[in-house]
Amino acid sequence: NADDVVSEYRCEHPEIKYITRESNGGPGAARNTGLKSCSGMYYTYLDSDDCVTSDYLSEILRIVRKHTPDMLAYRYETCDETGKTLAVIKARQPGICESEESPASRRLAFRVFALNLRCNAVYRRALVMDLCYREECRLGEDALFAFEAYLRSKRFYVSNAVIYRYYQYRQSATHNFDEKRLIGLMAIHNI
């Protein structure tokens with residue numbers, strides 16, 4: 001009932017854009033459609049099976065107004081299908097990090113942005129407008145996008161705020177990863 005839910009929200013918040021696709025092209029295609037349609041200074045997304053805290057947007061807005069990062073990452077919880085918290089993914093070094101900082105600082109930031117990435121990143125739109133998610137990649141397309149953005153970023157912020165809930169389902173791709181998928185992913189990216 002997405003149409004009904006969005007219609008209800010749009011009555012209270014007319015600034016909401018509702019964008020649909022003719023067919024399901026997977027997460028990469030949906031994210032590319034959203035990125036092409038966005039008009040704000042910053043870009044992020046919420047997966048359909050996850051949720052955010054009530055202060056998600058206000059916390060992101062507070063950080064971008066104060067620190068104007070190219071990218072920011074925040075802590076998030078992983079939850080099982082019932083909503084039980086499994087783990088809280090922590091930022092090891094909260095605060096601003098400039099690209100000119102030490103290699104150790106860059107490595108810590110890299111772990112936050114690329115290696116532990118789920119949906120916990122916000123990007124300056126100007127930084128990523130010419131990037132695309134790999135639509136043929138059905139697993140890990142967000143980490144690949146984040147890595148490319150990270151390489152471009154000069155200023156990033158790591159927040160200790162836990163504002164996202166990443167749900168893990170028994171049937172999800174991340175729980176059913178096998179060697180064939182890994183080989184396919186490597187082939188797509190010429191590894």
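What does the charge count near Cys79 come to, summing +1 for each Lys or Arg and -1 for each Asp or Glu among other residues with Cβ under 11 Å from its Cβ? Net charge around Cys79: -3. Taking a straight Cα-Cα cut-off under 13 Å and skipping sequence neighbours fewer than 8 places away in the same chain, the aspartates and glutamates within cross-link reach of Lys36 are Asp130.
Tally Lys/Arg at +1 and Asp/Glu at -1 over every other residue whose Cβ is under 15 Å from the Cβ of Tyr9; what's the total? Present the calculation step by step, with values, prior to reporting the outcome.
Working: positive: Arg10, Lys17; negative: Asp3, Asp4, Glu8, Glu12, Glu15.
After counting each charged neighbour, the total is -3.
Counting heavy atoms of the protein chains alone, Ile96 has an accessible area of about 60 Å² for a 1.4 Å probe.
The values are calculated or read from the model by the stated rules, or taken from the named source; none is laboratory data. The structure presented is a predicted model; accordingly, all values stated were derived computationally and were not measured. Every residue, glycine as well, gets a Cβ built from its backbone with ideal geometry; the counts of neighbours run over all protein chains shown. SASA here: full protein model, heavy atoms, side chains in, ligands and nucleic acids out. Shrake-Rupley method; radii C 1.70, N 1.55, O 1.52, S 1.80 Å.
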